[in-house]
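Worksheet for the structure shown next.
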Amino acid sequence: MFIETEMTPNPDTLKFLPGKILLEAGTANFTDVEAAESSPLANALFAQTGVAGVFIGHDFITVTKAGDSEWDELKPNVLAGLMQFFASGAPVVNADAAMGESSFDDDEADAEIIEQIKTLLDEKVRPAVAGDGGDITYHGFQEGVVYLQMQGACAGCPSATMTLKHGIENLLKYYIPEVTEVRAVE
């Protein structure tokens, strides 16, 4: 098996492309080893010293390194861990793992606006952030404010705030006049 790697806009995160589908739908974001209990793949990666985060997309994995780790030392260990994991035949995530987007209670009166927001995110935003090794999840819409979470390589990226405020916010405001602001959630 050959696993390609790509740099991301976030210098603390590398994108790994194993050449196979990992998740049929959705994404999985693991910010620590406790959160990774539902994913044998994430557990295998957190076993590598220096791994601070794991994000699993449709056909890629992004690994975020701890601040004091160096990619020259960590990258070969991550690649070895990935090779060992794929050779094991274990599932990427356990069948009972909760996948998908979380949100707070949206007002039913805003259902049409929320559907427009989600459609724009799915069609225009997600493909771009996936190309950079991340994802963006919808968390809610209240009083003109859209709440989104950056994940994978996009979380903690130096340009994440600019992406949210100047890219995504401007896009949503252009197509949906009811949107007044976009805010990040942790």
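The values are calculated or read from the model by the stated rules, or taken from the named source; none is laboratory data. Small disclaimer: the values here were computed from a predicted structure and weren't measured. Counting neighbours? That spans all protein chains shown, and the Cβs are built from the backbone with ideal geometry, glycine included. Accessible surface areas use protein heavy atoms only, side chains included; no ligands, DNA or RNA. Shrake-Rupley method; radii C 1.70, N 1.55, O 1.52, S 1.80 Å.
Just for region 131-159: of the residues that are open to solvent by 30 Å² or more (accessible area, probe 1.4 Å) and in a loop (DSSP other than H, G, I, E, B), which one is farthest from ALA36 (Cα to Cα)? Step by step, filter region 131-159, then rank; the result is GLU143. Inspect all residues belonging to region 22-29 and state whether any of them is in a helix (DSSP H, G or I) and open to solvent by less than 50 Å² (accessible area, probe 1.4 Å). There is no residue in region 22-29 that is in a helix (DSSP H, G or I) and open to solvent by less than 50 Å² (accessible area, probe 1.4 Å).
Here is a check on your reading of the model: is ASN170 surrounded by fewer than 19 Cβ atoms within 10 Å (Cβ to Cβ) and touching a Ser or Thr at 6+ places or on another chain (Cβ under 7 Å)? In short, no.
Of the numbered criteria (1) in contact with a Leu (Cβ under 7 Å, 6 or more places away or on another chain); (2) modelled with pLDDT of 95 or more; (3) not aromatic (Phe, Trp, Tyr), the one ASP59 fails is (2).
With LYS165, LYS124, LYS118 as the choices, which residue is touching a strand residue (DSSP E or B) at 6+ places or on another chain (Cβ under 6 Å), open to solvent by 40 Å² or more (accessible area, probe 1.4 Å) and basic (Lys, Arg)?
LYS118
Scanning region 1-19 for residues that are in contact (Cβ under 8 Å) with a residue 60 or more places away in the chain, open to solvent by 30 Å² or more (accessible area, probe 1.4 Å) and charged (D, E, K, R) gives GLU6, ASP12. Of all the criteria given as (1) in contact with a Leu (Cβ under 9 Å, 6 or more places away or on another chain); (2) more than 18 Å from ILE136 (Cα to Cα); (3) at pLDDT 90 or above, the one not satisfied by MET1 is (3).
Contact map, region 42-54: first residue more than 10 Å from VAL78 (Cβ to Cβ), second residue part of a helix (DSSP H, G or I) and charged (D, E, K, R), Cβ cut-off under 8 Å, separation 6 or more or different chains; pairs are ASN43/GLU37.
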